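The values are calculated or read from the model by the stated rules, or taken from the named source; none is laboratory data. Remember, it's a predicted structure, so these values are computed and weren't measured experimentally. A quick note on method: Cβ atoms are made from the backbone with ideal geometry, for glycine too, and the neighbour counts reach across all protein chains shown.
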Amino acid sequence: MILSRTIPETRSRVNELKKKKGQLGLVPTMGSLHEGHISLVRKSTAENAATAVSIFVNPTQFNEKQDFESYPRNLEGDLARLGDLKVDLVFAPDAAEFYPEADERVFDFGGLDSSMEGKYRPGHFNGVAQAVTRLFDIIEPDSAYFGEKDFQQLAIIRKLVRDLKIPVRIVGCPIVREADGLAMSSRNKLLSADQRKSALRISEALRLARAQSGEVPVETLKKQTLGFLHQDPLLKAEYFEIVHAQDLKPVRNWSDEGRKIGCLAVKVGNVRLIDNMDFSL
Ligand code: AMP
């Protein structure tokens, strides 16, 4: 496994890999890897002759300085973990290397960013798009792997690739959870023991709500779910939305056509967690 820290080295290593091996899969991450990330890596190594993993805590997608600074980082541990898998290349640039000049590109997501994460984290998806398009430009992967954990991000990346005609296949991968149901996240490491217990309520709230979908009216269910979360004083929900999977527009009635996803963002102390579940009947 090669560790590359610069763009020129990454370009030339990737070219060699493609010539020698063939199809290349890319797994973009911010590191502090857990089984959720590893599931994406395994999918890529199963589907491609070569796999690259990027590890970059992208400053432009953080809308809060404190969140960026406290975000867990563990490059050595990540490399050890990836070393056991069939990963060919790890690209771990620092910000000055990745953004030699300020990236001022502004993307249009056609409204996909107007709710949920986009609403509560202004500029977040623009920063994601800056990093992801730059990664695609440097690595030119055949396929790129993203988790459904970040459901809105996945929808936005699919649109971005379509609109900009970037020749990459986007592969969505299911959410990986801890045994008790908490969605895996690098931020889980920041939770105290008490907060970790409270955080369990997030996936419970989604499961309870899903069990009542189709029975309780959508708006009532949203209120009930927020009420359930707020029974725990350590939790502060930012939103609970039930949206159409394709366009992320709010579901008004259960009889609406198509796949429906319940999406939740909750602050547990200073730690902001997101989760979602399929609410299709
Ligand atoms: P991050 O390092 O948080 O930016 O995540 C990198 C990629 O891993 C993104 O595509 C995430 O959606 C995905 N990911 C993060 N957590 C999980 C999880 N629990 N299950 C599946 N994919 C995940």
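Of the residues making up the stretch 149-160, none is away from the ligand (no atom under 16 Å from the Cβ), surrounded by fewer than 18 Cβ atoms within 10 Å (Cβ to Cβ) and either over 15 Å from the mean Cα position of the chain (by Cα) or closer than 30 Å to ASN48 by Cα (or both). Residues in the stretch 27-78 that are of a type in the set (Ser, Thr, Tyr), surrounded by 15 or more Cβ atoms within 10 Å (Cβ to Cβ) and either in a helix (DSSP H, G or I) or touching a Lys or Arg at 6+ places or on another chain (Cβ under 7 Å) (or both): SER32, SER39, SER44, THR45, THR51, THR60. Number of residues in the stretch 223-274 that are closer than 16 Å to ARG207 by Cβ and under 21 Å from the mean Cα position of the chain (by Cα): the value is 11.
Okay, residues lined up against (1) surrounded by fewer than 19 Cβ atoms within 10 Å (Cβ to Cβ); (2) free of Cβ contacts under 8 Å to residues at least 24 places away in the same chain:
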site: ALA199; (1), (2): no, no
site: ALA209; (1), (2): no, no
site: PRO233; (1), (2): yes, yes
site: GLU241; (1), (2): no, no
site: LYS249; (1), (2): yes, yes
site: TRP254; (1), (2): yes, no
site: LYS260; (1), (2): no, no
site: VAL268; (1), (2): no, no
site: ASN276; (1), (2): no, no
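Within the stretch 20-28, one or more residues are modelled with pLDDT of 95 or more, within 20 Å of THR133 (Cβ to Cβ) and away from the ligand (no atom under 14 Å from the Cβ).
Scanning the stretch 79-111 for residues that are of a type in the set (A, V, I, L, M, F, W, C) and either free of Cβ contacts under 8 Å to residues at least 24 places away in the same chain or loosely packed, with under 12 Cβ neighbours inside 10 Å (or both) returns ALA80, ALA96, ALA102, VAL106.
GLU101 satisfies every condition listed in (1) over 19 Å from the mean Cα position of the chain (by Cα); (2) more than 30 Å from PRO250 (Cβ to Cβ); (3) modelled with pLDDT of 95 or more except (3). Annotation: of all residues in the stretch 57-69 being more than 14 Å from the ligand (Cβ to nearest atom) and of a type in the set (S, T, N, Q), the one that is nearest to VAL14 (Cα to Cα) is ASN63. The condition of being in contact with a helix residue (DSSP H, G or I) (Cβ under 8 Å, 6 or more places away or on another chain) and either at pLDDT 95 or above or away from the ligand (no atom under 15 Å from the Cβ) (or both) holds for only one of SER44, SER54, SER39, that being SER54. Restricting LEU112, LEU182, LEU154 to those that are over 24 Å from ARG42 (Cα atoms) and not basic (Lys, Arg) reduces the list to LEU112.
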